[in-house]
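*Asks:* I'd like to ask some things about the structure below.
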Amino acid sequence: MLTKSYVSSCTIRSAFSAAMSAMYRTEVHAYGTLMDIVAKVNAATLAANPLLKHRLQETDSLERVSEERHGAIRLGTAAELAMMRRVFAVMGMFPVGYYDLSEAGVPVHSTAFRPVGDVALKRNPFRVFTSLLRLDLIADEELRAEADAILQKRQIFTAGAIELTEKAEHQGGLDDEDASRFVAEVLETFRWHDQANVDLAMYGRLHDAHRLIADVVSFKGPHINHLTPRTLDIDEVQRLMPEYGIAPKAVVEGPPSRRCAILLRQTSFKALEEAVSFRDASGHWQEGTHTARFGEIESRGIALTPKGRALYDKLLTDSRKVVRPAADGSNAAAYEKALVDAFVLFPDNWAEIRAQGLGYFRYSLTEKGERTVASTDASIEQLLSDGLVCFDAIVYEDFLPVSAAGIFQSNLGDEATQEFSASPNQQRFERDLGTPVLNEFDHYAGIEAQSIAECRARLSAAQAAE
């Protein structure tokens with residue numbers, strides 16, 4: 001009896017990522033321009049730095065750079081979040097990390113759905129930063145209740161998407177035909193709709209409460225609000241954007257430019273003002289506008305340990321005590337100087353970052369190690385000292401709440417900046433999600449430990465062969 005063959009989750013994820021990119025390119029033409037800039041900069045960076053290209057090839061990471069994307073969506077209800085988790089699971093994407101953006105004036109909390117494990121990440125590292133609206137942070141009780149009622153009436157998933165998700169769960173996968181249909185059905189959830197679910201008066205009330213609240217509540221579904229390529233030189237992309245008719249935000253979010261990149265740096269172009277129709281009291285459509293979707297670019301560095309992350313957070317806080325970046329970029333130069341000055345205290349060479357236990361590294365055998373018989377009892381430090389093992393930075397696959405909020409705020413405008421009491425509620429988020437989120441530190445520590453174990457196993461095999 002033949003066993004039915006199902007399409008791998010990596011294949012479905014790759015197909016969905018490509019379909020999303022093609023759809024977004026037709027919806028937001030500047031995204032295509034952005035992709036052209038990033039491709040040009042990445043090619044130039046690799047040509048100018050053969051060592052970087054060699055290490056990316058050696059670690060099977062070169063191809064993933066050009067394929068890499070992250071998207072972002074904003075959901076309105078717990079039911080939407082729970083179903084989205086199930087949809088992403090079919091693509092081999094799981095919730096990693098909890099982010100409270102209320103501390104930065106944005107009424108959402110979030111997670112990142114992404115693949116986990118080396119094989120899946122190298123195949124296609126597509127991520128979706130997924131935020132859930134915090135209606136409890138709306139001060140106006142009447143508006144809160146009305147917004148909730150509007151959200152409860154909508155269905156952001158097609159019947160086909162729900163049916164195929166349930167089918168995948170029941171039988172453990174999808175065949176070729178169902179997988180193709182699944183991608184097409186799920187894509188509809190992320191499509192832009194230019195007709196609002198609310199009238200212009202309600203939109204105005206939601207907008208006055210917070211522009212992001214209006215973006216979540218007013219529409220049929222959670223249109224993808226940006227799709228982000230990865231660049232190997234974000235400062236060069238930032239410099240080039242105006243030459244291509246794209247105005248970048250004034251400040252690159254995250255750490256300053258460094259020789260040894262850490263965590264995540266992000267920039268974007270301003271959100272588009274797009275034509276939207278609203279029904280009036282008589283049921284007729286009237287024209288209006290909405291601003292939400294923008295272009296973003298990211299560069300990724302090493303994943304930091306809890307010790308490294310604590311130092312990063314302290315230095316970022318220290319820099320913002322000197323200058324807090326304005327959403328309109330009016331104090332960009334002063335902020336960038338404060339950031340550079342603060343981060344002098346963070347080591348900027350790989351050996352020191354590793355020695356101080358600030359970052360996670362992947363270990364592998366050197367050419368010498370491949371042909372040498374060595375004691376597996378030797379410490380990793382001894383194996384490094386003997387030239388049998390080398391190390392590479394483990395790429396940070398996740399996000400930074402302050403940076404995410406900074407991107408949101410720069411695209412929402414100064415008038416959208418509001419103060420919310422920091423109110424993290426991971427327990428509630430996970431209840432709404434239907435599962436705990438993965439702890440990113442445990443995940444990176446596991447990758448590092450596994451790489452050391454693999455080095456020892458290969459040395460042990462060589463020793464046994466002798």
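*Asks:* Tell me, what is a quarter of the convex hull surface for the C-alpha atoms of the chain, in nm² with one decimal?
*Replies:* 25.3 nm²
*Asks:* I want the antiparallel fraction of DSSP beta bridges within the chain, as a percent rounded to 5.
*Replies:* 80 percent
*Asks:* Test of understanding: express the Cα radius of gyration of region 292-370 as a ratio to 2.2 N^0.38 Å, with N the residue count.
*Replies:* Working it through for region 292-370, the quotient is 1.46.
*Asks:* Averaging sequence separations of C-alpha pairs under 8 Å and six or more residues apart, then dividing by the length of region 304-355, give the relative contact order as a whole percent.
*Replies:* Relative contact order, region 304-355: 35 percent.
*Asks:* For region 59-197, just say rounded, prolate or oblate: build the C-alpha gyration tensor, square-root its eigenvalues into a ≥ b ≥ c, call rounded for a/c under 1.5, and beyond that prolate if a/b exceeds b/c, oblate if not.
*Replies:* oblate
*Asks:* Follow-up. Taking region 218-324, which trypsin sites (Lys or Arg not before Pro) meet the DSSP loop condition and have no more than 10 other C-beta atoms within 10 Å?
*Replies:* Loop-located and lightly packed - ARG259.
*Asks:* Using a 7 Å offset from the Cα along the Cα-to-Cβ direction at both ASP328 and THR289, what is the distance between the two label points in nm, to one decimal?
*Replies:* 1.7 nm
*Asks:* TYR444: net charge of surrounding residues, Cβ under 11 Å, Lys/Arg +1, Asp/Glu -1, itself excluded?
*Replies:* Neighbour charge sum, excluding TYR444 itself: -3.
*Asks:* Percent antiparallel among DSSP beta bridges with both residues in region 15-136, to the nearest 5?
*Replies:* That works out to approximately 65 percent antiparallel.
*Asks:* How many times 2.2 N^0.38 Å is the alpha carbon radius of gyration of region 1-52?
*Replies:* For region 1-52, the normalised Cα radius of gyration comes out at 1.77.
*Asks:* For the chain, what is the calculated [θ] at 222 nm in deg cm²/dmol (nearest 500), taking -39500 (n - 2.57) for each run of four or more DSSP H residues and dividing by its residue count?
*Replies:* Calculated at 222 nm, the ellipticity per residue is -14500 deg cm²/dmol.
*Asks:* Express in nm, to one decimal, how much length is gained between ASP118 and ARG458 on full extension, taking 0.36 nm for each residue of separation and deducting their alpha carbon distance.
*Replies:* Stretched out fully, the ASP118 to ARG458 stretch lengthens by 120.6 nm.
*Asks:* Related question: Lysines within cross-link reach of LYS167: Cα-Cα under 24 Å, excluding same-chain residues under 8 positions apart?
*Replies:* Qualifying lysines at Cα under 24 Å: LYS4.
*Asks:* Check cross-link reach from LYS122 to the lysines: straight Cα distance under 21 Å, and skip same-chain residues fewer than eight apart.
*Replies:* LYS53
*Asks:* Roll a 1.4 Å probe over the protein heavy atoms and report the accessible area of ASP341 in Å², nearest 10.
*Replies:* Answer for ASP341: close to 80 Å² accessible.
*Asks:* Here's a follow-up. Between ARG239 and ASN349, how many nm apart are label points set 7 Å from Cα along the C-beta direction?
*Replies:* Here the answer is 2.5 nm between the modelled labels.
*Asks:* Same structure, new question: Name the lysines eligible as straight-distance cross-link partners of LYS249: C-alpha to C-alpha under 25 Å, and not fewer than 8 places from it in the same chain.
*Replies:* Cα-Cα hits under 25 Å: LYS40, LYS270, LYS314, LYS321, LYS337.
*Asks:* Follow-up question, since we're still on this one. Can you give me the C-alpha center-to-center distance between region 122-174 and region 300-331, rounded to a whole angstrom?
*Replies:* Value for the Cα centre distance between the two parts: 31 Å.
*Asks:* So who's got an amide H within less than 5 Å of the one on VAL276, skipping anything under 5 residues away but keeping other chains? H placed 1.01 Å off N, in plane.
*Replies:* GLY288, THR289, HIS290
*Asks:* I'd like the distance separating the alpha-carbon centroids of region 176-230 and region 66-120, in whole Å.
*Replies:* Here the two parts' Cα centres lie 15 Å apart.
*Asks:* Once amide H atoms are built 1.01 Å from N in the peptide plane, which residues 5 or more positions from ARG74, or in another chain, come under 5 Å H to H?
*Replies:* SER131
*Asks:* ARG191 to SER385: extension gain in nm, 0.36 nm per residue of separation minus the Cα-Cα distance?
*Replies:* So the chain would gain 64.4 nm between ARG191 and SER385.
*Asks:* Could you sort LEU200, LEU132 by their accessible area in this structure, using a 1.4 Å probe and putting the largest first?
*Replies:* LEU200, LEU132
*Asks:* Once R0 is set to 41 Å, what does the formula 1/(1 + (r/R0)^6) return for the Cβ-Cβ distance between ASP140 and THR45, expressed as a FRET efficiency to the nearest 0.05?
*Replies:* Efficiency, from the Cβ-Cβ distance: 0.25.
*Asks:* Normalised radius of gyration for region 167-224, please: alpha carbon Rg relative to 2.2 N^0.38 Å, two decimal places.
*Replies:* Normalised Rg, Cα atoms only: 1.62.
The values are calculated or read from the model by the stated rules, or taken from the named source; none is laboratory data. This one's a predicted model, so the numbers in the text were calculated from it and none came from an experiment. Cβ sites come from the backbone with ideal geometry, for glycine too, and all protein chains shown count toward neighbours. Each accessible area value is taken on the protein alone, full model and side chains, heavy atoms only, with ligands, DNA and RNA left out. Shrake-Rupley method; radii C 1.70, N 1.55, O 1.52, S 1.80 Å.
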